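> Okay, here's the structure, questions in a sec.
We did not get these values from a lab; they are worked out from the coordinates using the rules stated. All of these numbers come straight from a predicted model, not from anything done at the bench. We place every Cβ from the backbone using ideal geometry, glycine too, and count neighbours over all the protein chains shown.
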Amino acid sequence: MPRGLRVFLIAFAVWIAFLSGTMLGVWIGGHYYQVAPLVSLAPQGVRFFFFPGDSLLQLESQIESVLEEGYYKPVDKNSLENSAINGMVASLNDPYSEYLNPAAYRQFEEHSQGTFIGIGVTLEPKNGQLLVIGVISGSPAQGADVRSGDLIVSVNGRSLAGKTPEEATALIKGNAGTTVVLHIKRGSQEMDKSVVRKQLELPIVTDKILEHKGKKIGYIRLEQFSSEAGAKVKGSLDKLVGQGAQGIILDLRDNGGGLLDEAVNVASDFIPGGTIVSVVDRDSNRHTYTASGGANGSIPLVVLVNGYTASASEIVAGAVKDDGRGTLIGQKTFGKGVVQTLDQLPNGGAIKFTSGSYFTPKGININNVGIQPDIQAVNNPGTPADEVVDRALARLAP
């Protein structure tokens, strides 16, 4: 056997053994971006032999080689690859699609489980900056008077202009006990807020009994649609009913959303049957999510919403409104009528991308439109009372 061919086959065998052990279960066809970090570890001859028509692969290898050999400073290969993936996702010009590098994805997973290190805000990209659409009760952000509706312009003196959402949020993240300075626009005002990061145990659901005109009304506050949100809302609902609640207020104000399945689960706590939401992809394929059963379909219900009630929260609000199951009180919702899919990558990161539009049970897509409440009400932060809750109590206990 010619020596050159023998060397090639040995290199190929070693690489295939590595690839099969590492990439088990990953579908390669049409998904090069998912295996790029591992493919790049193979000998160049092997890569081009198995991906001969992949001009992107060849171009990437050439650029890496040029920079590694000729750039005047040492080149971090991982940084190059992360930036390449970032650039591909950023080219979609979609504010909700982003690449999460391995560190960011680990934090995302922690956050979805209700435990994370941070300042306690929910953010959405807006015009190259970050819009605060939710502030967790008792969080460092709330203690520093960061509010929903604040626009974060810079972090520690670094402008967010031109940065991807992942790059912008990465500046806010850090170790517990460290301080981050946010430069904020609030209407016509600008101000700096110093916030100390800390380990947070997210209170996904809080509940209590309110009394109004001799009636007991249960109040449930849902912070985000993380894992087990539906089960925890159901637990609070059953507890409050057991304490004599004659009506329920579900507070979704400043709730920026979360997991689609948990939105369906929360809606199913109150809606006995039928469609909760439908998701339509680019090929017009429709997937319909229906109520899962076990609902309390009789107790009077009010859902509180505002301009930062978004995404999964709007799925619940839209289902309640279309079904006629309860009354929406507050202000028009945010208007995020698209859903994202999260695909984990072999490098430990993930890509979050918009994969479809969602429609309420009556077939309404609320993207960039929002949901109008049945009763308009605005809370005045300058008063000790919560005027929106008061309006809900008056509705449930007139």
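> Name the long-range amide H neighbours of Gln340: under 5 Å, sequence gap of 5 or more, or other chain; modelled H, no Pro or chain starts.
Counting only residues 5 or more places away or on other chains, the set is Ser355.
> What per residue convex hull volume, in Å³, comes out for region 205-396 when only alpha-carbon positions are used?
Per-residue hull volume (Cα only) is 126 Å³.
> Taking 8 Å as the Cα distance limit and 6 or more residues as the minimum spacing, I'd like the relative contact order of region 54-179 as a percentage.
Averaging sequence separation for qualifying contacts and normalising by length gives 19 percent for region 54-179.
> Which pairs in the list Lys216/Lys239; Lys193/Lys336; Lys126/Lys336; Lys126/Lys185; Lys163/Lys193; Lys208/Lys232 are over 19 Å apart, alpha-carbon to alpha-carbon? Walk me through the intermediate numbers first.
Details: Lys216/Lys239 13 Å; Lys193/Lys336 28 Å; Lys126/Lys336 13 Å; Lys126/Lys185 13 Å; Lys163/Lys193 21 Å; Lys208/Lys232 14 Å.
Over 19 Å apart, Cα to Cα: Lys193/Lys336; Lys163/Lys193.
> Shifting gears a bit: Between Lys126 and residues 5 or more places away or on another chain, which pairs have amide H atoms under 5 Å apart, with H built 1.01 Å from N, and which residues are they?
Leu131
> Determine the relative contact order of region 284-398: mean sequence separation of Cα pairs under 8 Å and six or more apart, normalised by residue count, in whole percent. Display every interim value, and only then the final one.
Working: 173 pairs, mean separation 30.1, N = 115.
Computed over region 284-398, the figure is 26 percent.
> How compact and how long is region 208-266, expressed as Rg and Dmax of its alpha-carbon atoms in Å?
Rg, Dmax (Cα atoms, Å): 12.2, 38.
> How many percent of Cα pairs in region 235-323 exceed 22 Å?
When every Cα pair of region 235-323 is considered, 28 percent fall beyond 22 Å.
> Please work out, to two decimal places, the log10 of the ratio I(q)/I(0) at q = 0.18, 0.22 Å⁻¹ from a Debye calculation in which every Cα of region 115-201 carries one identical scatterer.
-0.69, -1.06
> Check the straight Cα-Cα distances from Lys234 and name the aspartates and glutamates below 12 Å, setting aside those fewer than 8 residues away within the same chain.
Partners found: Asp207, Glu262, Asp269.
> So, one more: Evaluate the distance, in nm, between pseudo-label points positioned 7 Å from the Cα of Ser83 and of Arg106 along their respective Cα→Cβ axes.
According to this spin-label approximation, the distance is 2.3 nm.
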